[in-house]
Amino acid sequence: MPLRPHRPAAPGPLRSATRAVLAALAALVLTACTSTPRVSAPPPGASRPPATTAAALRRLVADGAPGAAALVTWDDHLAASRFSAVGVADLRSGRKMGRLDRFRAGSLTKTLVATVVLQLVGEGRLGLDDRVADHLPPGVPRTGAGGANDLHRVTIRQLLDHTSGLFNYTADPHLAEQLSGAGFPAHRYDRYTPVELLRIALGHPPTAAPGARYAYSNTNYLVLGLVIQGVTGHPYADELRRRILAPFDLRGTSFPGNSPALPAPHGRGYSRIDGHRVDSTAFNPSRAGAAGEMITTLVDLNHFFAALLGGKLLAPRQMAQLRSERATGGAYGLGVYATWLPCGVTVWGHNGDINGSYAQTAGTADGRHLVSYRVNTDTPAGRTDGAALLAAEFCAPHGRRG
């Protein structure tokens, strides 16, 4: 599966969901559970939000995605939400995309990982300026590239905001060919451990000195998964399930480990390799790990971001840290980033790209108004319509409420 990082761009007059996608090869996956997600009762007098995203979804399909879907919610009331879908979930059967379909969410995994790390900071078990090497489990390498890489010099904060300088392991040419190039069919079921992938990253010279500049790297969140394990004594996925999935009833979300299958219901995912469309639905997501192995639903993404942005997962101090983009010049916070829209509205969220799937969630700062959208390919011809979708949703008159 192709692992393509979609990283936010440098700040400018308009930073779109699309411009948050300037990288070459980063992997992020999402696995989902099989039970039915909860649907809340609407508040008194609640009405379904007006349709604004359909035209942008049609343009995403025209750009090359077999199918595109979006879910809009207000105040986390799913019964009053709006689901829209265009195109097909499966080119063979012609099946349409469903509201509860499971899909791989790629780098959206990072926001959940960052949330748990900040919870540990709030509990006093971890400090943002702590040295990473001090919190890694035994047997995890701390140095590499002839001493040029040294996790004793990298801080937790620098992993969270991508200023560590660590090489992006999914950009290793040999590995990238297996993950998303011509070698994908032969290597789609290969297993990887976080330590193996970290060794690949540490074998390359750093891209910059720790703290010197922002450079999106999946290695950062791969290491944060190991930090969570080192601090809690539990695999990172277990902590995410205990702290986020269970208490917020995210029954459509899971972390697949080495399982190549998507839980039902689901459609297909498609990639383009050497000019040919390839069904990339099934593959071993261990290549992504804490950087992006999650499977989820549009419903769960909106419910999670409503809780996060609404202050239900982090204390006020950690919420301020989450949103701080100062060290990156406005490019990235600690697991989320801001998108400035042409109408002056700022939304917060993340995106994710992995073999056969691209998704993004964005919402108002208070989490009251959210949209999550997805396409079932990682290689549409253009991504400008993702920006158009956000502008259509949040710049319409109803989008400027709250």
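The values are calculated or read from the model by the stated rules, or taken from the named source; none is laboratory data. Since this is a predicted model, take the numbers as computed values, not measurements. For neighbour counting, all protein chains shown are included, and Cβ atoms are generated from backbone atoms with ideal geometry for every residue, glycine included. For the accessible areas, the whole protein counts, side chains as well, though only heavy atoms, and no ligand, DNA or RNA atoms are used. Shrake-Rupley method; radii C 1.70, N 1.55, O 1.52, S 1.80 Å.
Near the amide H of Gly356, within less than 5 Å, lie the amide hydrogens of Tyr270, Asp378, all on another chain or at least 5 residues away, with H placed in the peptide plane. Annotation: amide H of Met294 within the under-5 Å range of Val29, Leu30, Thr31, Ala105, Gly106, Thr109, sequence separation 5 or more or interchain, hydrogens built in the peptide plane.
Suppose all protein chains stay in the model; what accessible area per residue would a 1.4 Å probe give for the chain, in Å²?
Numbers: 13620 Å² over 402 residues.
For the chain, the per-residue accessible area is 34 Å².
How much of the DSSP beta bridge set in the chain is antiparallel, as a percent to the nearest 5? If I count the DSSP bridges inside the chain, around 95 percent turn out antiparallel. Each peptide in 120-128, 82-90 was scored by the mean count of other Cβ atoms within 10 Å over its residues; highest first, the order is 82-90, 120-128.
Evaluating 6.51 cos²θ - 1.76 cosθ + 1.60 at θ = phi - 60° for every residue in the range 347-364, the Karplus couplings come out as 10, 10, x, 7, 10, x, 9, 7, 2, x, 7, 9, 8, 8, 10, 9, x, 5 Hz, glycine and proline recorded as x.
Could you tell me which of rounded, prolate or oblate describes the range 171-295, using a ≥ b ≥ c as the square roots of the eigenvalues of the alpha-carbon gyration tensor, with rounded for a/c under 1.5 and, failing that, prolate when a/b is larger than b/c and oblate otherwise?
It comes out oblate by the Cα gyration axes.
Ranked by solvent-accessible area (1.4 Å probe, protein heavy atoms only, all chains present), the residues Cys395, Cys343 order from largest to smallest as Cys343, Cys395.
For the range 316-391, the share of accessible area belonging to carbon and sulfur comes to 56 percent (1.4 Å probe, ligands and nucleic acids excluded). Spin-label model, Glu123/His152: points 7 Å from Cα along the beta carbon direction are separated by 2.9 nm. Across the range 270-276, coupling constants 3J(HN,Hα) worked out from phi with the 6.51/-1.76/1.60 Karplus curve, θ = phi - 60°, read 10, 10, 10, 10, 6, x, 10 Hz, and Gly and Pro carry x. Span-like helix criteria (full DSSP H runs; alpha carbon extent of at least 15 Å along the helix axis; mean Kyte-Doolittle hydropathy of at least -0.5) are satisfied in the chain by 109-122, 218-232, 298-309, 384-394.
Using a ≥ b ≥ c from the Cα gyration tensor of the range 141-239 (square roots of the eigenvalues), is it rounded, prolate or oblate, where a/c under 1.5 gives rounded and otherwise the larger of a/b and b/c decides, a/b for prolate? Oblate shape, in that a/c is at least 1.5 and b/c is the bigger or equal ratio.
For the pair Val195 and Ala209, the difference between a 0.36 nm per residue extended length and the Cα-Cα distance amounts to 2.8 nm. The stretch between Arg317 and Ala182 holds 44.0 nm of extra length on full extension. This uses 0.36 nm per residue minus the Cα-Cα distance. Summing charges over all other residues whose Cβ lies under 15 Å from the Cβ of Thr143, with Lys and Arg as +1 and Asp and Glu as -1, gives +2.
Working note: Karplus 6.51/-1.76/1.60 with θ = phi - 60° gives the range 240-245 the couplings 5, 5, 5, 8, 10, 5 Hz, where Gly and Pro are set to x. Summing Lys and Arg as +1 and Asp and Glu as -1 over all other residues whose Cβ lies under 9 Å from the Cβ of Pro285 gives a net charge of +1. Pull out a ≥ b ≥ c, the square roots of the eigenvalues of the alpha-carbon gyration tensor of the range 49-116, then state rounded if a/c is under 1.5, prolate if not and a/b is larger than b/c, and oblate in the remaining case. Cα axes put the range 49-116 in the oblate bin. In the chain, a dipole from Cβ-located charges (positive for Lys and Arg, negative for Asp and Glu) runs towards its positive end, and of Val227, Gly344, Pro206 it is Gly344 whose Cα lies farthest in that direction.
With only the Cα atoms considered, the chain has a convex hull volume of 121 Å³ per residue.
The length gained on full extension between Arg326 and Lys96, counted as 0.36 nm times the residue separation minus their Cα-Cα distance, comes to 78.6 nm. When nucleic acids and ligands are ignored and a 1.4 Å probe is applied, Arg199 ends up with an accessible area of around 140 Å². Remark: spin-label model distance Arg272-His234 equals 4.3 nm, labels positioned 7 Å along the Cα→Cβ axis.
For the range 207-285, the fraction of 1.4 Å probe accessible surface lying on carbon and sulfur atoms is 53 percent.
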